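Input: a single structure, listed below in structure tokens.
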Amino acid sequence: MDNYSIVVQNLSKEYGSFSALSNLNLKMQGSKCVGFLGPNGAGKTTTLKIFTDMIKPSKGHIFINGIDVNREKKKALKSVGVLIETPEIYPSLTEREALSMIGQIKGIPKHDLDSSIKKVVEKVKMEDWLDKKVGKMSKGMKQRINIAAAILGDPDIILLDEPTSGLDPRGMSEVRDIIKELKNENHLIFMSSHILSEVSDICEEVAMINHGKLLAYGKISDVVSKFYVEKENVVELSFVSDLRQSSIKAISKITGVKKVDTIDDKRLNITIEGDQKKQAEVLSSIVKLNVGLISFKPSSGLEEAYLSAFKEVT
Amino acid sequence: MKGEIDFGDKNTVPNDFIQTLVMTKYASLDYLRSRRFFILLIISVLIGILLTGIVAYFRPASFLTSSLSFYSSWWSMSVTFIIILSAVFFGGDAISGEFQNKTGYFLVGNPIKRSSIYIGKFLAAFLFSLIIFLVFTAITVGNGVYYFHSSGFPYQFFESFLLSILYIAAAMGLTFFFSSLFKNSTTSIIITVILLLFVFSLLQTLVGTLAHIQPWFILTYGAQAISNVLSNPYPPAVVSASIAPHAAFSISSYYVRLGEGVIIMLGYFIITTIAGLFIFEKKEFN
Ligand SMILES: Nc1ncnc2c1ncn2[C@@H]1O[C@H](COP(=O)(O)OP(=O)(O)OP(=O)(O)O)[C@@H](O)[C@H]1O
Ligand SMILES: [Mg+2]
């Protein structure tokens, strides 16, 4: 198996005559974050569930550190942290007990358990809740504990299924920071997400899947250029405060602006026609509009690539 | 390369036995804090108090002629009821709940075999049923010793006590089997209750009483050894009687032998546990 951390071989999953996953092949290694993208029902969760033996493949194999998950699950998942969908925790347990349970299952030595738990709850900002019952916590708080459980014991490989779902904006940004940090500490992170700005922010690579089939896998820039040719002309703009509709309209009227897409309240993607000189003109016109522009950067193009990739197939 | 220290293999995943005990520990904690445990404790204490009151006030002859007849009257019906209730309360949704409440999603993705989760939870459920059972036993023995002093503890009661513990294991095995068969907690609880309280005794009547076949495949028939050992003499294997003289229609009553009872209960325990483990191993979380 060479030195690949994750090797997926001809993985298929059928539900009756419906094919949720067909012939997926994927190899991942190194210390990085791989985003797993695809529309609802594409097969992302299905893939991750097979990775962790929560469901069995109809065909094919998945090897983690060279070990077949389906044959030797316990050994294969030895150094894997997992968060799939939104798990629930026995409601009568406290946060500390829930994490101790996972820590003991993972085999964290007794004398390290307290400090390991402390480390992860500080990362997810849940240190003040250690002795409170999980059943009394909000959805987002539980999700933070789920993330803490996944990274507890410092696993080499981390599998996350929409980890920021249910989190408040601060929580999302904290989780992004956690993932960036883990990536720099020699972990492989495989993460499904619908938030493309999140993926382009923290991941180096993406895998795109639709109808159970892998469409592309590789560096973000490579995948983008596969699906999206005009990448160079897209610029992401950030503004100091929420944009008004009138400002967006004014920007779209500037000559040379071909298209305006809102990313969120404070960010826009604009597509510019023409060369770099034209681009400079457009940007200076926007500055003159006085709508609170604070920065611009070439867009990763991931959103455009995503839209064009999934338009082609469906 | 950064000059970091390599800690090598950080955590060694514990063996299956230790992981099973970890599951037992936390499932027990969950049971201990559950409303069910207290409800069940109250129910069995209430039954104990009720019986104590009846015996003290009415002094029924069936209870007080001998210590054996005391245990036979007191224990026979009540203890099997308490055991069935504990099995359903603690086991009825033990595995189905992992799917329905999604608590399995928190556990199964970790380096632990599913069988360790199943067995760990089984041990916790068994332990808590045993606690309930021992509380009820204490009330029973307290009364027995009060009325019969040192002779208040016939050896037959000790046999019955051990058979009851075997019955806990068998009934728990069955409820775990059903809770692993269904993903819906309500379904698994209701099926188990109906089976243990109604279907089995109905079947026993049909098969035994009317069709004159020994109902050796019915768990509750095997569990009747718990009360049979308290009869002196031990009842005959089968008693047949015609409803009216010379009538074509007759009925039979089967009384399970001690050895047969042990085999039936042990058989149920082993077969349902193996089947339940097998089903849980194959079951998909979706
Ligand atoms: N138990 C099941 N029986 C039948 N079909 C199923 C089952 N589980 C999943 N599917 C189907 O498999 C497909 C893939 O589902 P999956 O949950 O992997 O999608 P996803 O990519 O995670 O989507 P989302 O972004 O909505 O989370 C869907 O079409 C779904 O309907
Ligand atoms: Mg999903």
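Across region A:233-313, the fraction of Cα-Cα pairs farther apart than 19 Å, rounded to a whole number, is 33%. With contacts taken as Cα pairs under 8 Å and at least 6 residues apart, region A:173-220 reaches a relative contact order of 26 percent. As a length-normalised measure over Cα pairs under 8 Å and 6 or more apart, the relative contact order of region A:152-245 settles at 21 percent. Dipole magnitude of the protein assembly as shown about its Cα centre, charges +1 at Lys/Arg Cβ and -1 at Asp/Glu Cβ only, in debye to the nearest 20? My answer is approximately 560 debye. Beta bridges per DSSP, both residues in the protein assembly as shown: antiparallel share near 70 percent.
Restricting the GluC sites (Glu not before Pro) of region B:185-286 to loop positions (DSSP other than H, G, I, E, B) with no more than 15 neighbouring Cβ atoms within 10 Å leaves B:Glu284.
Charges were assigned to the Cβ only: +1 to each Lys and Arg, -1 to each Asp and Glu. The resulting dipole of chain B about its Cα centre is roughly 380 debye.
Note on B:Lys283: aspartates and glutamates with a C-alpha under 13 Å away, same-chain residues under 8 apart excluded, are A:Asp53, B:Glu98.
For B:Arg36 and A:Lys219, the FRET efficiency from 1/(1 + (r/R0)^6), where r spans their Cβ atoms and R0 equals 45 Å, is about 0.25.
Can you list the aspartates and glutamates whose alpha carbon is less than 15 Å from that of A:Lys259, not counting same-chain residues fewer than 8 positions off? Result set, ordered by chain and number: A:Glu230, A:Glu232, A:Glu236, A:Glu273, A:Glu303, A:Glu304. For the pair B:Ile251 and B:Ile263 in one chain, pulling the backbone fully straight at 0.36 nm per residue adds 1.8 nm over the alpha carbon distance. When chain A is treated as a Gaussian network with alpha carbon springs shorter than 10 Å, the biggest mean-square fluctuation among A:His194, A:His111, A:His211 belongs to A:His111.
With charges only on Cβ, +1 for K and R and -1 for D and E, what is the dipole size of region A:233-313 about its Cα centre, in debye, rounded to 20? Using only the charged Cβ atoms, the result is roughly 340 debye. Averaging the sequence gap over all C-alpha pairs within less than 8 Å and six or more residues apart, then dividing by the number of residues, gives chain A a relative contact order of 19 percent.
Note on B:Val199 and B:Leu134: their simple-model spin labels are 3.3 nm apart, each label 7 Å out from Cα toward Cβ.
Read-outs: derived from the displayed coordinates by stated rules, not from any lab. Since we're looking at a predicted model, the values are computed, not measured. Positions of Cβ are backbone-derived with ideal geometry, glycine not excepted, and every protein chain shown enters the neighbour counts.
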